[in-house]
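Student: The structure follows.
The values are calculated or read from the model by the stated rules, or taken from the named source; none is laboratory data. Since we're looking at a predicted model, the values are computed, not measured. So basically every Cβ, Gly included, is an ideal-geometry build from the backbone, and we count neighbours across all protein chains shown.
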Ligand code: NAD
Ligand code: TYD
């Protein structure tokens, strides 16, 4: 690839670029010659420099460790780097943790976003893209799939903190004219996802010979998207999205949690030469997550029609790729699941919500 001269490149501040989706996004943006990426990440338990292995700092990439909620630090960073665009992935992202301790969710997901927005306003950023979630629409068990105008009715502290950020982002558009964009994605899966989320968590339990704990009756429904498809959508919105618009990102392909784990057992049996019936026998129905949403479902008509985006990876193909990645990357899993992760595991699964 030919690189442009430094004076021609646009400067992109990515917050949370060491997490699961953010690291995939950083890689994609660095494949484009015209961007310098500044990756601001606090490196919480979910952020890992290993996720960006092979990327070297230089004219096109810089990593900065810091907290998006730290006003002085963020202001100095805007001053120094003068970003043209900002994409914010930084968040506390796990619903179960938000139930155990909501405070950090509001510190990062709400206040942190206000700090980033304020810096963007002050420093004349040309595009601010907030990465949001379908969870802001809340439980849509008995409703039509949501389009972007659907009312927000978050159920968990996590979803409430993300919905607050969406409101803040739109308020900066209306009040100050800041050029903003919002994407609301369904559930992602793929390599480098922290193994507390359903799919990598269950892969790990299969590999360690442990039970497969499903909350409640396992009939909750989610739409699933392979991370590369989601990142492709985010890149399109950043580059061609219309100022002030919200875009749902979704495969519109719903599965119950039980169906996901059933397929996961089948594919793991295939990939690791295990017996599928004995894997399925390890499914256990345990106490339900408090406030558990039965169903998320969104329409992605706008992004498909306006930005000619379509997801390319079917659920079965993506799940198989994900399983293969986890089967060959034990060291990564070992390195991210430290002692602190065991405390969390005990609080949810051993003591059942403390
Ligand atoms: P993740 O938990 O894997 O990564 C979050 C990243 O943010 C980590 O690198 C972490 O170190 C960093 N971070 C956390 N607090 C920070 C702070 N105060 N300052 C700077 N950095 C901080 O999350 P993910 O799954 O990659 O999700 C990325 C974004 O996408 C989040 O905003 C999440 O709400 C949203 N989202 C995720 C999904 C999903 O299925 N994973 C679906 C829809 C939306
Ligand atoms: P999760 O990956 O935490 O994503 P979210 O809550 O943001 O959708 O969970 C996906 C679904 O799987 C959700 O309905 C909760 C359920 N779940 C279980 O049944 N057991 C588990 O051990 C986990 C982690 C999740």
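Student: Could you check the range 262-288 and list, in sequence order, the residues that are free of Cβ contacts under 8 Å to residues at least 60 places away in the same chain and either at positive phi or within 16 Å of ligand 2 (Cβ to nearest atom) (or both)?
Tutor: Hits for the range 262-288 are 262, 263, 265, 273, 280.
Student: Could you tell me whether residue 223 is within 22 Å of residue 322 (Cα to Cα), within 11 Å of ligand 1 (Cβ to nearest atom) and in a strand (DSSP E or B)?
Tutor: Here the answer is yes, as residue 223 does meet what is asked.
Student: What strands (runs of 3 or more DSSP E), lying completely within the range 246-287, carry at least 3 residues that are at pLDDT 95 or above and surrounded by 16 or more Cβ atoms within 10 Å (Cβ to Cβ)?
Tutor: Working: elements: 246-249, 254-256, 283-286.
Here the list reads 246-249, 254-256.
Student: Here's a follow-up. Mind telling me which of the residues 50, 76, 57, 92 ends up being surrounded by fewer than 16 Cβ atoms within 10 Å (Cβ to Cβ) and under 26 Å from residue 189 (Cβ atoms)? Explain how you work it out, then say what you get.
Tutor: Values: 76 fails: under 26 Å from residue 189 (Cβ atoms); 57 fails: under 26 Å from residue 189 (Cβ atoms); 92 fails: surrounded by fewer than 16 Cβ atoms within 10 Å (Cβ to Cβ).
That would be 50, the only listed residue that is surrounded by fewer than 16 Cβ atoms within 10 Å (Cβ to Cβ) and under 26 Å from residue 189 (Cβ atoms).
Student: Could you say which residue among 71, 82, 97 is on the phi > 0 side of the Ramachandran plot and touching a residue at least 12 places away in the same chain (Cβ under 8 Å)? Steps first, please.
Tutor: Numbers: 71 fails: on the phi > 0 side of the Ramachandran plot; 97 fails: on the phi > 0 side of the Ramachandran plot.
None of the others qualify; the one that does is 82.
Student: Could you grab me the full set of residues in the range 98-109 that are in contact with a helix residue (DSSP H, G or I) (Cβ under 7 Å, 6 or more places away or on another chain) and buried (at least 21 other Cβ atoms within 10 Å of the Cβ)?
Tutor: 98, 105, 109
Student: Based on this model, can you work out whether residue 135 counts as in contact with a helix residue (DSSP H, G or I) (Cβ under 9 Å, 6 or more places away or on another chain), within 15 Å of ligand 1 (Cβ to nearest atom) and part of a loop (DSSP other than H, G, I, E, B)? Reasoning before the result, please.
Tutor: Numbers: in contact with a helix residue (DSSP H, G or I) (Cβ under 9 Å, 6 or more places away or on another chain): yes; within 15 Å of ligand 1 (Cβ to nearest atom): yes; part of a loop (DSSP other than H, G, I, E, B): no.
Taking the combined requirement at face value, the residue does not satisfy it.
Student: Counting just the residues of the range 196-231 that are buried (at least 19 other Cβ atoms within 10 Å of the Cβ) and within 22 Å of residue 147 (Cβ to Cβ), which one comes out farthest from ligand 2 (Cβ to nearest atom)?
Tutor: Among them, the one singled out is 229.
Student: Next up: Of everything in the range 88-107, what is in a helix (DSSP H, G or I) and more than 16 Å from ligand 2 (Cβ to nearest atom)? Give them in sequence order.
Tutor: Those that are in a helix (DSSP H, G or I) and more than 16 Å from ligand 2 (Cβ to nearest atom): 103, 104, 106, 107.
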